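Novice: First, the structure itself, so that you have it in front of you.
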Amino acid sequence: MFGPGDEEHGFFTTGPVAGFRVDDVAAARAEMEGAGVEFLDPEVQKWNGSSWSHFRAPDGNVYQIADD
C-alpha cells in the first residue's frame, strides 16, 4: 500500500492498482506494447528478485503486471 506521502507513484490517480501475475514481465510487456498498451514506467522495474511494470488500460485505470 502506498499513502499520500509516496512520491514514486504519482501516476496512481485512478484508485487502487490491481496487479496481474505473469511468468515473464519483459515478455508480457513487449507483447502488450505491440498491441498498443501505454506503459507508465520507462522500463521494467526490478527490486529484490521481483519485476513489475505499470500500464494504463483502455478503461483509463492503472494496472500492474508482476512476476512475484
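Throughout, read-outs are computed from the coordinates displayed, never taken from laboratory work. Since this is a predicted model, take the numbers as computed values, not measurements.
Novice: Report Rg(Cα)/(2.2 N^0.38 Å) for the range 18-66, keeping two decimals. The partial results should precede the final answer.
Specialist: Working: Rg = 10.0 Å, N = 49, 2.2 N^0.38 = 9.7 Å.
Compactness ratio reported: 1.04.
Novice: Quick one: 3J(HN,Hα) in Hz for the range 35-42, Karplus 6.51/-1.76/1.60 with θ = phi - 60°, rounded, Gly and Pro as x.
Specialist: 8, x, 6, 8, 9, 9, 8, x
Novice: Tell me which residues come under 5 Å, amide H to amide H, from residue 51 once H is placed; ignore anything under 5 positions away on its chain.
Specialist: 67, 68
Novice: Now, a different point. Going by amide H atoms built from the backbone, whose H comes under 5 Å of the H on residue 41, apart from near neighbours?
Specialist: Placed amide hydrogens put 54 under 5 Å from residue 41.
Novice: Sticking with this structure for a sec: Which whole-Hz ³J(HN,Hα) couplings does the range 24-30 yield from phi under the Karplus relation 6.51 cos²θ - 1.76 cosθ + 1.60, θ = phi - 60°, glycine and proline marked x?
Specialist: 9, 4, 4, 5, 5, 5, 4
Novice: Something else about it: What ³J(HN,Hα) values, in whole Hz, does the Karplus curve 6.51 cos²θ - 1.76 cosθ + 1.60 give for the range 58-68 when θ = phi - 60°, with x put for Gly and Pro?
Specialist: x, 7, x, 7, 8, 9, 9, 10, 8, 9, 8
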